[in-house]
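Below is one structure; the comments refer to it alone.
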Amino acid sequence: MSLASYIGCNVEIPISDEDSDDLIIIGDCFSREQEQQNVRKYQFTTPYVYEVSSHWGIEITEYVNSETRAESKEKLIALCKIMDGYLEKGDFFELYSCWVGDEAEKREGEITLQINNFDIDKIEMPERTLVRFEK
């Protein structure tokens, strides 16, 4: 199984080039259309859903190894920078990470953060947590 991360937003975001070696790739990686429909239906409040990846999802907890946690922090910072360029003041995007196939499962938690004003070293983002980033 694979850990997938999805974003939901109110604006269309361009899909990354297939050959991109960027830290964050916007586009299909692990999930199929059915998983994306389920995450839209059961988790998000927004019309546009995208998988975001760099070959593994974003999970920041004490239970993942330190290398994965550090990489997830880098990915989250990069994702927020990308999304900051697409969102207007007062808008938001949502982030949800789960094992592929668990998109319709009950959430474990929800948190809200300001897109440009959070301490990356003080947040916990376990799988199946909906994170809302407000601008």
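Being surrounded by 14 or more Cβ atoms within 10 Å (Cβ to Cβ), free of Cβ contacts under 8 Å to residues at least 12 places away in the same chain and not hydroxyl-bearing (Ser, Thr, Tyr), is that true of even one residue in the stretch 115-124?
Yes, some residue in the stretch 115-124 is surrounded by 14 or more Cβ atoms within 10 Å (Cβ to Cβ), free of Cβ contacts under 8 Å to residues at least 12 places away in the same chain and not hydroxyl-bearing (Ser, Thr, Tyr).
Mind checking which residues of the stretch 53-88 are part of a loop (DSSP other than H, G, I, E, B) and crowded, with 16+ Cβ neighbours inside 10 Å? If you could, list the steps in order and put the result at the bottom.
Kept after step one, since they are part of a loop (DSSP other than H, G, I, E, B), are these residues of the stretch 53-88: 54-59, 61-65, 85-88.
If the condition is that a residue be part of a loop (DSSP other than H, G, I, E, B) and crowded, with 16+ Cβ neighbours inside 10 Å, then Ser54, Trp56, Gly57, Ile58, Glu59, Val64, Leu87 are the ones that fit.
So is Glu12 surrounded by fewer than 19 Cβ atoms within 10 Å (Cβ to Cβ), within 26 Å of Asn116 (Cβ to Cβ) and touching a Leu at 6+ places or on another chain (Cβ under 8 Å) or not?
No: the conditions fail for Glu12.
With the structure loaded, tell me whether Lys73 is within 13 Å of the chain's Cα centre (by Cα), more than 14 Å from Tyr6 (Cα to Cα), at pLDDT below 95 and not hydrophobic (A, V, I, L, M, F, W, C) or whether it fails that test.
Details: within 13 Å of the chain's Cα centre (by Cα): yes; more than 14 Å from Tyr6 (Cα to Cα): yes; at pLDDT below 95: yes; not hydrophobic (A, V, I, L, M, F, W, C): yes.
Spelling it out, Lys73 is indeed within 13 Å of the chain's Cα centre (by Cα), more than 14 Å from Tyr6 (Cα to Cα), at pLDDT below 95 and not hydrophobic (A, V, I, L, M, F, W, C).
If a residue has to be in a loop (DSSP other than H, G, I, E, B), closer than 20 Å to Ile60 by Cβ and of a type outside the set (A, V, I, L, M, F, W, C) to count, how many in the stretch 1-25 make the cut?
2
If you check every pair at least six apart or on different chains, which have Cβ atoms under 9 Å apart with a residue in the stretch 11-30 that is free of Cβ contacts under 8 Å to residues at least 12 places away in the same chain first and a residue that is part of a loop (DSSP other than H, G, I, E, B) and polar (S, T, N, Q) second?
Asp21/Ser54
Mind listing whichever residues of the stretch 15-45 are surrounded by fewer than 16 Cβ atoms within 10 Å (Cβ to Cβ) and in contact with a Lys or Arg (Cβ under 8 Å, 6 or more places away or on another chain)?
Selection gives Leu23 alone.
Give the residue that is farthest from Ile111 (Cα to Cα), with candidates limited to residues of the stretch 36-52 that are out of contact with any strand residue (DSSP E or B) (no Cβ under 7 Å at 6 or more places or on another chain) and not in a loop (DSSP other than H, G, I, E, B).
My answer is Gln37.
Mind checking which residues of the stretch 44-66 are closer than 17 Å to Glu127 by Cβ and more than 12 Å from the chain's Cα centre (by Cα)?
His55, Thr61, Glu62, Tyr63, Val64, Asn65
The values are calculated or read from the model by the stated rules, or taken from the named source; none is laboratory data. Note that the structure is predicted; figures quoted are calculated from it, not measured. Heads up, the Cβs are rebuilt from the backbone with ideal geometry, glycines too, and the neighbour counts pull from every protein chain shown.
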